[in-house]
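The values are calculated or read from the model by the stated rules, or taken from the named source; none is laboratory data. As the structure is a computational prediction, the values presented were derived from the model and not from experiment. Using ideal geometry, Cβ is built from the backbone for each residue, glycine included, and neighbour counts are taken over all protein chains shown.
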Amino acid sequence: MLASINYWSLVKQASWIELFVLLLLVAVSAVSWALMVQKSLQLSAARRRSSEFLEVFWEANQLDSIYHSISKQQASPLAKIFKAGYEEMLKLAKLKANPSPATPAQHRLEGIENIERALQRSSVTEITKLEARLSFLGTVGVTSPFIGLFGTVMGILSAFNEIAQQGNASIATVAAPIANALLATAAGLFAAIPAVVAYNAFLSRIRVFDAEMANFSSDFLNIVKRNFFN
């Protein structure tokens with residue numbers, strides 16, 4: 001039974017290579033769990049603030065009132081996208097008040113394209129922030145089993161070398177060294193499995209944010225076209 005395994009005894013009997021692999025995997029696992037907690041809090045805050053911002057956005061009658069009330073939604077990616085688009089619209093409004101020799105059609109086309117580019121740049125920036133350090137979890141999920149396997153292989157090689165020197169291959173002689181070696185593989189899986197699960201879960205949530213940003217950008221552009229470029 002697992003409860004009867006003396007893990008501390010296995011660690012004390014491990015070779016220096018196995019100890020190095022175990023310590024590396026423990027450190028990587030600790031960093032992964034800290035990152036999982038941080039990323040979970042970040043995405044939860046972004047989800048909560050985005051919901052609050054959407055309520056404000058669709059209930060407001062004027063865009064400027066939304067712009068002046070988004071200080072509480074700074075954790076919301078949608079609020080930051082709106083801010084980028086609205087500020088670009090203000091720049092175009094100033095240009096419209098002081099028109100250049102260009103034709104109105106050219107103004108209209110360039111204006112919409114400028115706002116669209118501002119929304120896209122902001123969306124990319126927000127997605128990049130949400131995905132920050134997420135690749136670390138993916139790397140841990142992919143490499144940890146191989147690191148553990150490396151420790152296991154080196155431990156088994158060391159065990160067989162010791163057996164050859166003693167000239168005794170009984171179960172009593174083989175069991176303890178093999179168990180020490182397999183502990184590295186178990187540690188690798190322990191580090192990898194939560195990291196892979198968290199990576200896929202976070203990636204799925206970020207994809208939802210990406211779709212919501214694209215939908216909000218389209219809605220914002222439609223509102224601007226109806227009320228600003230007419």
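If Ile147 satisfies all but one of (1) under 30 Å from Arg226 (Cα atoms); (2) buried (at least 18 other Cβ atoms within 10 Å of the Cβ), what's the number of the condition it fails?
Here Ile147 meets the rest and fails (1).
Does Thr103 satisfy the condition of being over 30 Å from Val31 (Cβ atoms) and modelled with pLDDT under 95?
Considered against the rule, which asks whether it is over 30 Å from Val31 (Cβ atoms) and modelled with pLDDT under 95, Thr103 comes out as yes.
Across region 188-213, which residue is nearest to Leu43 (Cα to Cα) among those that are exposed (fewer than 13 other Cβ atoms within 10 Å of the Cβ) and among the small types (Gly, Ala, Ser)?
Among those residues, the one meeting the criterion is Ser204.
Name the one entry in Ser32, Ser71, Ser65 that is modelled with pLDDT of 90 or more and out of contact with any Ser or Thr (no Cβ under 8 Å at 6 or more places or on another chain).
Details: Ser71 fails: modelled with pLDDT of 90 or more; Ser65 fails: modelled with pLDDT of 90 or more.
Unique residue meeting the criteria: Ser32.
Would you mention how many residues in region 194-221 are touching a residue at least 24 places away in the same chain (Cβ under 8 Å) and within 20 Å of Arg49 (Cα to Cα)?
Step one: filter region 194-221 for residues touching a residue at least 24 places away in the same chain (Cβ under 8 Å), giving 194-196, 198-199, 202-203, 205-206, 209-210, 212-214, 216-217, 220-221.
Filter again for within 20 Å of Arg49 (Cα to Cα), leaving 202-203, 205-206, 209-210, 212-214, 216-217, 220.
Matching residues across region 194-221 total 12.
I'd like to verify a number: residues in region 49-79 that are surrounded by fewer than 18 Cβ atoms within 10 Å (Cβ to Cβ) and either within 16 Å of the chain's Cα centre (by Cα) or within 20 Å of Leu134 (Cβ to Cβ) (or both), how many?
Qualifying residue count, region 49-79: 1.
Scan region 12-61 residue by residue and report those that are touching a residue at least 40 places away in the same chain (Cβ under 8 Å) and of a type in the set (Asp, Glu).
Residue satisfying the conditions is Glu18 alone.
Out of the residues in region 121-140 that are of a type in the set (A, V, I, L, M) and touching a residue at least 60 places away in the same chain (Cβ under 8 Å), which is farthest from Ala191 (Cα to Cα)?
Of all residues in region 121-140, those of a type in the set (A, V, I, L, M) come to 124, 127, 130, 132, 134, 137, 140.
Now narrow it down to the ones that are touching a residue at least 60 places away in the same chain (Cβ under 8 Å): 127, 130, 134, 137, 140.
Details: Ile127: 26, Leu130: 22, Leu134: 15, Leu137: 10, Val140: 7 Å.
It comes out as Ile127.
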